[in-house]
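Each remark here refers to the structure printed beneath this line.
The values are calculated or read from the model by the stated rules, or taken from the named source; none is laboratory data. A quick note: this is a predicted structure, and the numbers were derived from the prediction, not measured. Don't worry about glycine lacking a Cβ; one is built from the backbone with ideal geometry, like all the others, and counts go over all protein chains shown. To get the accessible areas, we keep the full protein, side chains included, count just its heavy atoms, and leave off ligands, DNA and RNA. Shrake-Rupley method; radii C 1.70, N 1.55, O 1.52, S 1.80 Å.
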Amino acid sequence: MRKPLRKVRLTGVWLVLAACIGIGSLPALAADLKPGTHAGTLYGAPYRIDIPAGWNGDLVMLMHGYQPAGAPRTTPMAAADATPVFLKQGYAVAQSEYASQGWAVGDAIVDNERLRQYFIRAVARPAHTYIYGFSLGGLEAVASIERYRHVYAGALVTCGATVSTPELISRAAVTPLVAFDGLIPGVLPNLDAADSPPFIPPAIFAKALQTHPKEAALLEKRLQETPERLPGALMLYYMALRELEQRAGGMPVDNRATVYHGFGDDAAFNRQVHRYAATRAAMAYARRNVTLTGQIEVPLVMQWNAFDQTIPARFHPIYPDQVRAAGHGGLLTVLAPTGHGHCNFTDAQTSTAFQVLVRKTGTGGR
């Protein structure tokens, strides 16, 4: 039976939850939200809520991927591509654009929780709430189910960057950049210099790689990239690192004791590679935003593309291994990889993955 829309009172339990995450009282409502699209701003974070006419009483909280700092935002907030997948099945969808852009992991987790509670107050308490995250939103989604353990019925993550921030920045940003700099010096500035530019165009990387084909081939093999994709990947890694440095107040990764492998002559490479000393405050910021534990209490379904230039295959097993090591492997389902590209899934593939999750939770068929 479909659950009618209704307003839920702001109970004492809700107030306790609000106080725990520091959100205070939510804005007053002019009226209950009806089926359709509703957009606005909640504590500085743009949001949208979509409620289908035949709402089944369940909610999907959707967490988007990396949005570069300064990227234009639309008003009202645009829906993520996967939104219709859930709406067509009768689910309401709520998504926040977060109060900040870039490495907005801390903001994302809090803003998503604020929006979830706002939905309860403005619409109804869903029978079941699921969370779906893609790309960097995958990191934020699994961090959310670790932090809010009794909130969600289950989680779906596709093409997720599901690696703790310190390790992800070290392995996915600093390692490729210092390797590029070590093999093709003179292109990159110091990664920890305050006056280094926030962005380097991919054409700069492409030109350097074209003039050093041997070194380029070595980087492509070691980093699991293609010649066409490597310049853009290096651009993204550099931009994400610089933005995180701005947030953290310094270099969050210390590679002075790191021994690198697979970049040609390992001994020579480790002698010449640039070494960076992290600041204590920046390292602490990265750990807070966020370090994963693998401690989950609800079903989790994960899927990646077979070839993903942004989140290469070497990162895919890290969180699943954490979950299994924490003793929760029975809650984990990793679907076979499919397709090429970053987050290159069809609506049908996303729908299939979500239905696997619904079956695992035992909440389907109501």
(message) Give me the one-decimal Kirkwood hydrodynamic radius in Å for segment 216-366, with the sum taken over alpha-carbon pairs.
(response) 18.5 Å
(message) For segment 71-147, what does the convex hull of the Cα positions come to per residue, in cubic angstrom?
(response) 112 Å³
(request) May I ask you to give the solvent-accessible area per residue for segment 241-366, in square angstrom, as obtained with a 1.4 angstrom probe? (result) 47 Å²
(request) Take the solvent-accessible surface of the protein heavy atoms, probe 1.4 Å, and return the percent of it on segment 80-190 that carbon and sulfur atoms account for. (result) 47 percent
(message) Restricting things to Cα coordinates, could you compute the convex hull volume per residue of segment 153-259 in Å³?
(response) 130 Å³
(request) Quick one: angle between helix 347-361 and the longest Cα principal axis of the chain, in degrees between 0 and 90, rounded to 10, please. (result) 60 degrees
(request) May I ask you to derive the FRET efficiency for ARG125 and SER196 from their Cβ-Cβ distance with R0 = 45 Å, giving the value to the nearest 0.05? (result) 0.40
(request) Give the total of Lys-Lys pairs in the chain with Cα-Cα distances below 19 Å; include a pair only if its members are 8 or more places apart or on different chains. (result) 5
(request) Keeping the other protein chains in place, figure out the carbon and sulfur percent of the accessible area of segment 199-258, with a 1.4 Å probe. (result) 59 percent
(request) Calculate for the chain the 222 nm mean residue ellipticity that helices alone would give, adding -39,500 (n - 2.57) per DSSP H run of length 4 or more and normalising by residue count, nearest 500 deg cm²/dmol. (result) -11000 deg cm²/dmol
(message) What do you get for the angle between helix 213-223 and the principal long axis of the chain? Use alpha-carbon atoms, 0 to 90 degrees, nearest ten.
(response) 40 degrees
(request) Could you grab the relative contact order for the chain? Cα pairs under 8 Å, six or more apart, rounded to a whole percent. (result) 16 percent
(request) Give the relative contact order (percent, whole number) for segment 199-294; include only Cα pairs under 8 Å separated by 6+ residues. (result) 27 percent
(request) Sort out for me the Cα centre separation of segment 113-187 from segment 294-342, rounded to whole Å. (result) 12 Å
(request) Among DSSP beta bridges whose residues both lie in the chain, state the antiparallel percentage, nearest 5. (result) 35 percent
(message) Only Cα pairs within less than 10 Å get springs; with that Gaussian network setup on the chain, which residue of ALA233, ALA348, ALA248 has the largest fluctuation?
(response) ALA348
(request) Mind sorting out which of (i) 34; (ii) 46; (iii) 37 is the real percent of Cα pairs over 31 Å apart computed from the coordinates? (result) (iii)
(request) Rank THR74, GLN246, THR279 by how far each Cα sits towards the positive end of the charge dipole of the chain (+1 on Lys, Arg Cβ; -1 on Asp, Glu Cβ) and give me just the farthest. (result) THR74
(request) Please identify every one of the trypsin sites (Lys or Arg not before Pro) in segment 44-107 that sits in a loop by DSSP and has no more than 15 other beta carbons within 10 Å of its own beta carbon. (result) ARG73, LYS88
(message) About the Cα centre, and with charges only on the beta carbon of Lys, Arg (+1) and Asp, Glu (-1), how big is the dipole of segment 163-258? Nearest 20 debye, please.
(response) 200 debye
(request) Go through VAL151, PRO299, VAL187 and say which Cα lies farthest out towards the positive end of the charge dipole of the chain; charges sit on Cβ, +1 for Lys and Arg, -1 for Asp and Glu. (result) VAL151
(message) Using a 7 Å offset from the Cα along the Cα-to-Cβ direction at both GLU167 and ARG73, what is the distance between the two label points in nm, to one decimal?
(response) 3.2 nm
(message) Probe radius 1.4 Å, ligands and nucleic acids ignored: give me the carbon and sulfur share of the accessible area of segment 259-366 as a rounded percent.
(response) 54 percent
(request) Based on the mean of other Cβ atoms within 10 Å per residue, sort peptides 179-185, 327-333 so the most packed one is first. (result) 179-185, 327-333
(message) As I understand it, the value is the acute angle between the Cα axis of helix 230-248 and the longest principal axis of the Cα atoms of the chain; what does it come to in degrees, rounded to 10?
(response) 70 degrees
